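The values are calculated or read from the model by the stated rules, or taken from the named source; none is laboratory data. As the structure is a computational prediction, the values presented were derived from the model and not from experiment. In case anyone asks, the SASA skips ligands and DNA or RNA and just uses the protein heavy atoms, side chains included. Shrake-Rupley method; radii C 1.70, N 1.55, O 1.52, S 1.80 Å.
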Amino acid sequence: MTRAQIDGRFHLDRTTYEAIIAHARSDFPYEVCGLLAGEDGEIAKHYRIPNAARSMTYYSMDPKAMLQAFNEMDEHDWDLLAIYHSHTHTEAFPSATDVELAFYPDAVYLIVSLQEDEPVARAFNIRDGKITERKLYVGGAQVPAGSR
């Protein structure tokens with residue numbers, strides 16, 4: 001487990017957070033997705049993975065890009081810290097499909113909602129169908145949680 005999971009928090013530096021928000025906005029109204037890798041809870045690399053489904057309600061990571069990212073993670077002995085995607089028309093909370101497809105129980109799942117004018121980002125662990133919200137920190141400051 002990473003530090004982010006042990007203390008119930010997930011920490012993002014401001015640059016990575018802003019890159020994720022920019023990525024979420026870049027293909028609106030379609031969902032985007034990506035990975036964050038690193039070690040000891042520190043992010044070393046942000047992977048923007050194409051959404052092969054190119055859908056407004058679903059994401060499917062492009063297999064080739066995902067394999068390349070995992071190969072690079074293996075080469076550097078990095079952990080998969082987080083999987084992120086956007087919700088363009090719904091809240092930043094895992095959908096039933098997100099829970100069903102949560103195949104990495106040690107990863108944090110970041111969801112960025114674009115349903116309001118200001119994006120809302122939230123972090124979760126999804127293990128055995130159970131959703132546990134993590135406190136999201138950006139640049140050392142806690143990000144206000146969205147609704148629910």
Write down the percent of antiparallel bridges among all DSSP beta bridges whose residues are both part of the chain, to the nearest 5. 70
Please report, as a whole percent, how much of the solvent-accessible surface of the stretch 24-148 comes from carbon and sulfur atoms (probe radius 1.4 Å). 48
Across every pair of different alpha-carbon atoms, what Kirkwood hydrodynamic radius in Å does the stretch 46-115 reach? 13.0
Full-extension gain in nm, His76 to Glu39, via 0.36 nm per residue minus C-alpha separation: 12.4 nm
Probe 1.4 Å, accessible area per residue of the chain, Å²: 53
Convex hull projection area averaged over all views, the stretch 70-148, Cα basis, nm²: 6.2
Taking the alpha-carbon distance from Lys135 and a cut-off under 12 Å, which aspartates and glutamates remain once sequence neighbours fewer than 8 residues away in the same chain are dropped? Asp7
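Checking a compactness column here: for the chain, what do you get for Rg(Cα) / (2.2 N^0.38 Å), N being the number of residues? Spell out each step's value before the answer.
Values: Rg = 13.9 Å, N = 148, 2.2 N^0.38 = 14.7 Å.
Compactness ratio reported: 0.95.
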